[in-house]
Amino acid sequence: MDFANNYSALDRLVHNIAFSSRGAQIGLSALEDKVYARQLDAINPHKPVFVTALPRAGTTLLLEMLERSGQFGVHLYRDMPLLLTPIFWSKVSASFRREDTPRERAHGDGMMVSVESPEAFEETIWVEFWKEQYQARSVKPWHPKFKHAEFERFFNNHIKKILLLRQTNGVTPMRYLSKNNMNIGRIEYICKAFPEAQIVVPFRGPLQHAASLLKQHLGFLKLHHDDAFAKRYMREIGHYDFGQNLKPINFNGWVDNYSTLSPDTLEFWLRYWFEAYRYILDHKQANVALFCFDSFSRKPDSSLRALATNLQLPDIESFVALSGRVAEPKTHNIDTSALPDELMNATQALFERLNAGAINLVSQSGANSFSEQ
């Protein structure tokens, strides 16, 4: 996780200034709305796609593959750091934008990124408008009856700005693509605010997923300890998934119920897995598609075909041709001796329910075996 080499002293200064001026950016965004009103009024977004899950479920890979389809407008790394005024920042930064060599992202998982790579940055908007949801130790889920007219107006305009910025050869994409892990706590609200939205929720076998989450958490703890800027950067973009910034989503009060459980243990992350995906199943709506990452890794062609069909992509074969990028994730050696039997049984049963509803599930011998996950 060589975060330090990715940001020069000047980069860090610019980011710190941007992080400290979010309130001013909200006001400046209103001016941006007026300056570009004609272009924005001509954009009529439809059928946005929200990819969301617990981290380490393949959301970044799905984001990159969907972005490659050419059907969507999405945030790119070069939209940082003035995320709330993306058009103004694009104009200003164009004069000093430089070529960028792809490099491994801070997760240390082999995913290569550059300033042109898609990434999840919209959480900064949610944090700015919903401060009351972000508690000291956790994040509260969004209730579907919530109403926030100012946020919804801002977010809708922001989507139009991102679509305008992703215009290619005079053609503006009309579908917004989001990858935001925190959205698993607001699926019902998103369905209400965006009735046309399609939500894709990937999932993995619980033990391997929990082990991957634990490994990332421990890695980010070290990164945040060694690099204060890295800690602030991730906090300011709403990256509460791991490390010293960790704020798990408090589904059904589970964070309070297990307040003595350390995030440095596998049980913590397995319980988080259980509570997150149980919440998703309990609140699932028709426009939410479950996507089995394990089956995707084994049978990418059929999985991508199922996903393209579900999202109504116009060129299914070109999308399926991206399957060469897919590889099975590394398998963790896991000691389950300290895990409660009730948790093991509950996660196994829930995993089978997820599999039963997955749009891409391919029947294979042993596919539902907990030991193989």
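What do you get for the angle between helix 341-357 and the principal long axis of the chain? Use alpha-carbon atoms, 0 to 90 degrees, nearest ten.
Helix 341-357 sits at roughly 60 degrees to that axis.
Please compute the per residue accessible area over the chain with all protein chains in place, 1.4 Å probe, rounded to a whole number of Å².
On the way: 16100 Å² over 373 residues.
Each residue of the chain exposes 43 Å² on average to a 1.4 Å probe.
What FRET efficiency comes out for Gln39 versus Arg298 if R0 is 56 angstrom and r is the Cβ-Cβ distance? Round to the nearest 0.05. Each step should come with its number before you reach the end.
Working: r = 44 Å, r/R0 = 0.79.
Given R0 = 56 Å and the Cβ-Cβ separation, E is 0.80.
Taking the Cα centre of the chain as the origin and placing charges on Cβ (Lys, Arg +1; Asp, Glu -1), which of Leu213, Ile125, Gly253 is farthest toward the positive end of the dipole?
Sorting the options by dipole projection puts first Ile125.
Add +1 for every Lys or Arg and -1 for every Asp or Glu among the other residues with Cβ under 14 Å from the Cβ of Ala228, and state the total. Numbers along the way, then the final one.
Working: positive: Arg12, Lys222, Lys231, Arg232, Arg235; negative: Asp226, Asp227, Glu236.
Taking every other residue near Ala228 into account, the sum is +2.
Residues with amide H under 5 Å of Tyr176's amide H, sequence separation 5 or more or different chain, H placed in the peptide plane at 1.01 Å from N; which?
Amide H neighbours of Tyr176: His46, Val49, Gly73.
Considering only C-alpha atoms, what is the centroid distance from region 267-323 to region 44-67, in Å?
Between the Cα centres of region 267-323 and region 44-67 lies a distance of 10 Å.
Build a GNM of the chain with springs between Cα atoms under 10 Å: which of Ser295, Ser21, Ser138 gets the top mean-square fluctuation?
Looking only at Ser295, Ser21, Ser138, the biggest GNM fluctuation is shown by Ser21.
How long is the gain from Thr168 to Arg353 if the chain were fully straight, where each residue apart is worth 0.36 nm and the alpha carbon distance is subtracted? Could the numbers behind the result be given before it?
On the way: separation 185, 0.36 × 185 = 66.60 nm, distance 4.16 nm.
So the chain would gain 62.4 nm between Thr168 and Arg353.
What net charge do the residues around Ala37 carry, taking every other residue with its C-beta under 15 Å from that of Ala37, with Lys and Arg at +1 and Asp and Glu at -1? Walk me through the intermediate numbers first.
Working: positive: Lys34, Arg38, Arg153, Lys160, Lys161; negative: Glu32, Asp33, Asp41.
Neighbourhood net charge equals +2.
Sum up the charges of everything whose Cβ sits under 12 Å from the Cβ of Met344, counting Lys and Arg as +1 and Asp and Glu as -1, but leave Met344 out. Could the numbers behind the result be given before it?
On the way: positive: Arg271; negative: Glu267, Asp341, Glu342.
Net local charge, Met344 excluded: -2.
For Ala9 and Glu328, what is the calculated FRET efficiency with R₀ set at 41 Å and r taken between the beta-carbons, to the nearest 0.05?
Numbers: r = 40 Å, r/R0 = 0.98.
Plugging the Cβ-Cβ distance into 1/(1 + (r/R0)^6) gives 0.55.
Quick one: which of 207-219, 333-345, 83-95 comes out on top by average Cβ neighbours within 10 Å, and what's the full order, highest first?
The densest-packed peptide leads the list: 207-219, 83-95, 333-345.
Based solely on its DSSP helices, what 222 nm [θ] is calculated for the chain when runs of n ≥ 4 H residues each add -39,500 (n - 2.57) and the sum is averaged over all residues, nearest 500 deg cm²/dmol? Each step should come with its number before you reach the end.
Details: 16 runs with 170 residues, N = 373.
That calculation yields -13500 deg cm²/dmol at 222 nm.
When the chain is modelled as a GNM with alpha-carbon springs shorter than 10 Å, which of Phe50, Phe151, Phe251 fluctuates the most?
Phe151
Nothing charged except the Cβ atoms of Lys and Arg (+1) and of Asp and Glu (-1): what's the magnitude of the dipole of region 314-356 about its Cα centre? Round to the nearest 20 debye.
Numbers: 3 positive and 7 negative charges, 25 e Å.
Its charge dipole is roughly 120 debye.
In debye, nearest 20, what is the charge dipole magnitude of region 264-336 about its Cα centre with +1 on Lys and Arg Cβ and -1 on Asp and Glu Cβ, if you could check?
On the way: 8 positive and 10 negative charges, 36 e Å.
Using only the charged Cβ atoms, the result is roughly 180 debye.
Taking the Cα of Asp282, stepping 7 Å toward and past its beta carbon, and measuring to each backbone N in region 183-209: which are under 17 Å?
Zone members listed by number: 184-189.
Name the most mobile residue of Ser302, Ser178, Ser259, meaning the one with the largest mean-square fluctuation, in a Gaussian network model of the chain with Cα contacts below 10 Å.
Taking springs between Cα atoms under 10 Å, the residue moving most is Ser259.
So if each residue of separation counts as 0.36 nm, and I subtract the Cα-Cα distance between Ala30 and Tyr77, what length gain in nm does that give? Spell out each step's value before the answer.
Details: separation 47, 0.36 × 47 = 16.92 nm, distance 2.28 nm.
Extra length from Ala30 to Tyr77 when fully extended: 14.6 nm.
Counting only C-alpha contacts under 8 Å and six or more residues apart, can you give the relative contact order of the chain as a whole percent? Walk me through the numbers on the way to the answer.
Values: 522 pairs, mean separation 78.9, N = 373.
Computed over the chain, the figure is 21 percent.
Can you tell me the convex hull volume per residue for the chain, based on C-alpha atoms, in Å³ to the nearest whole number? Provide the component values of the computation, followed by the final result.
Values: hull volume 52.6 nm³, N = 373.
So the per-residue hull volume is 141 Å³.
Would you mind checking the tilt of helix 149-165 against the longest principal axis of the Cα atoms of the chain, expressed as 0 to 90 degrees and rounded to 10?
80 degrees
Applying the Karplus parametrisation 6.51 cos²θ - 1.76 cosθ + 1.60 with θ = phi - 60° to the phi angles of region 78-93, what ³J(HN,Hα) value in whole Hz is obtained for each residue in order, glycine and proline being reported as x?
6, 6, 6, x, 8, 5, 7, 10, x, 6, 4, 5, 4, 5, 5, 6
Against the longest principal axis of the chain, how steep is helix 22-35, in degrees 0 to 90 to the nearest 10, with axes from Cα atoms?
That helix lies at roughly 60 degrees to the long axis.
Say R0 is 56 Å: what FRET efficiency, to the nearest 0.05, do Lys131 and Glu317 get from their beta-carbon distance? The partial results should precede the final answer.
Values: r = 46 Å, r/R0 = 0.81.
About 0.75, to the nearest 0.05.
Return a whole-number percent for the relative contact order of region 120-194, with Cα pairs under 8 Å and 6 or more residues apart as the contact set. Kindly include the intermediate steps, with their values, before the conclusion.
Details: 45 pairs, mean separation 32.0, N = 75.
Here the relative contact order equals 43 percent.
For the chain, give the magnitude of the charge dipole about the Cα centre (Cβ charges: +1 Lys/Arg, -1 Asp/Glu; no others), in debye to the nearest 20. Don't skip to the end; give the middle numbers.
Details: 42 positive and 41 negative charges, 168 e Å.
That gives the chain a dipole magnitude of about 800 debye.
Using modelled amide H (1.01 Å from N, peptide plane; none on Pro or chain starts), what sits under 5 Å from the amide H of Ala289, excluding residues fewer than 5 places away?
Those lying under 5 Å, H to H, from Ala289 are Ile199, Val200, Val201.
The values are calculated or read from the model by the stated rules, or taken from the named source; none is laboratory data. Computed from a prediction, not measured in an experiment: that's the story for all the values here. Quick reminder, even Gly has a Cβ in these numbers, built from the backbone with ideal geometry, and neighbours come from all protein chains shown. For accessibility, only protein heavy atoms count, side chains too; no ligands or nucleic acids. Shrake-Rupley method; radii C 1.70, N 1.55, O 1.52, S 1.80 Å.
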